[in-house]
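Read through the structure below, which is laid out as structure tokens, and then see the notes.
The values are calculated or read from the model by the stated rules, or taken from the named source; none is laboratory data. All values derive from a computational prediction rather than experimental measurement. When we count neighbours, we look across all protein chains shown, and the Cβ atoms used for this are built from the backbone with ideal geometry, even at glycine. Keep in mind that these areas ignore ligands, DNA and RNA; they rest on the heavy atoms of the full protein, side chains included. Shrake-Rupley method; radii C 1.70, N 1.55, O 1.52, S 1.80 Å.
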Amino acid sequence: VHVLDTQTGDLFSSVGITDLSGDAIDAAVAEYLSTTFGAAEKMSPAAVRTLARDSLAAKEMLSDERAVDLSGPFVTDSVRLRRSDVELLLAGSTAVLVDLVDDAVARGADAVLLVGGGAHIPSVRRDIAARVAVPVITPRWPQFFAAMGAAHLSAVVPPAVDAVPLSVVAAPPADDEV
């Protein structure tokens, strides 16, 4: 949660959680599926990768659908994952995020802009909107909002004469954190 002045760009505070990053949600969904429905056998590395890929796809589909059917290394042939199942998995993290946003609004924020992959989660949007008395805005592609903003700034902000290039980070943080 970043609180900033949109006119000057001054950042007043920044605090966040990683539990609602895309990677964290994917891992939670994969763990839920394997523990709830059981693996038909000890999962091979390929089966683990397939489950991770399917968990990501299911998470993304559940932004628009109420349930998705998945085949996989489960005791049964296929399983149904419901949006409500994922929302229950994320309820604690969502509550922490809602508290952070509520605190930012209490300190004077006059709107909430939800960005990152977690902004696609209906319960996140719903819970924040129900708690705060300011507009809650979600851009069309919230998972790309930070990258689009950086690209825009690179085109409109002249480079500093004494700017020193930064070294490339070997493993960048997840790009879809809320």
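Could you tell me whether the range 133-140 includes any residue that is under 21 Å from Met61 (Cβ atoms) and of a type outside the set (D, E, K, R)? Checked the range 133-140: at least one residue is under 21 Å from Met61 (Cβ atoms) and of a type outside the set (D, E, K, R). All of Arg140, Arg125 fail the test of being of a type in the set (D, E, K, R) and over 26 Å from Gly92 (Cβ atoms), apart from Arg140. Screening Leu70 with (1) crowded, with 17+ Cβ neighbours inside 10 Å; (2) under 24 Å from Asp102 (Cβ atoms) gives one miss only, at (2). Within the range 24-40, the set of residues being at pLDDT 85 or above, over 10 Å from Leu56 (Cα atoms) and either open to solvent by less than 20 Å² (accessible area, probe 1.4 Å) or hydroxyl-bearing (Ser, Thr, Tyr) (or both) comprises Tyr32, Leu33.
If you check Ser93, Ser21, Ser84 for being surrounded by 12 or more Cβ atoms within 10 Å (Cβ to Cβ), in contact with an Asp or Glu (Cβ under 6 Å, 6 or more places away or on another chain), modelled with pLDDT of 90 or more and not hydrophobic (A, V, I, L, M, F, W, C), only one passes: Ser93. Annotation note: Cβ proximity below 6 Å between a residue of the range 97-123 that is under 14 Å from Phe144 (Cβ atoms) and open to solvent by less than 40 Å² (accessible area, probe 1.4 Å) and a residue that is of a type in the set (Phe, Trp, Tyr) and at pLDDT 85 or above (sequence gap 6+ or interchain) occurs for no pair. Here Val79, Val75 are screened, and the one residue that is open to solvent by 70 Å² or more (accessible area, probe 1.4 Å), over 19 Å from Ser14 (Cα atoms) and either out of contact with any Cys (no Cβ under 9 Å at 6 or more places or on another chain) or not acidic (Asp, Glu) (or both) is Val75.
Among residues of the range 124-156 being among the hydrophobic types (A, V, I, L, M, F, W, C) and open to solvent by less than 50 Å² (accessible area, probe 1.4 Å), the one that is farthest from the chain's Cα centre (by Cα) is Val134.
With respect to Ser44, is the statement that it is closer than 21 Å to Val136 by Cα, open to solvent by 30 Å² or more (accessible area, probe 1.4 Å) and of a type in the set (Gly, Ala, Ser) true? No, not satisfied. Of the candidates Ala52, Ala104, the single residue that is small (Gly, Ala, Ser) and within 18 Å of His2 (Cβ to Cβ) is Ala104.
Give the range 102-137 a look and list any residue that's in contact with a strand residue (DSSP E or B) (Cβ under 8 Å, 6 or more places away or on another chain) and over 18 Å from Asp10 (Cα atoms), or say none. If the condition is that a residue be in contact with a strand residue (DSSP E or B) (Cβ under 8 Å, 6 or more places away or on another chain) and over 18 Å from Asp10 (Cα atoms), then Leu114, Arg125, Ile128, Ala129, Val132, Val134, Pro135, Val136, Ile137 are the ones that fit.
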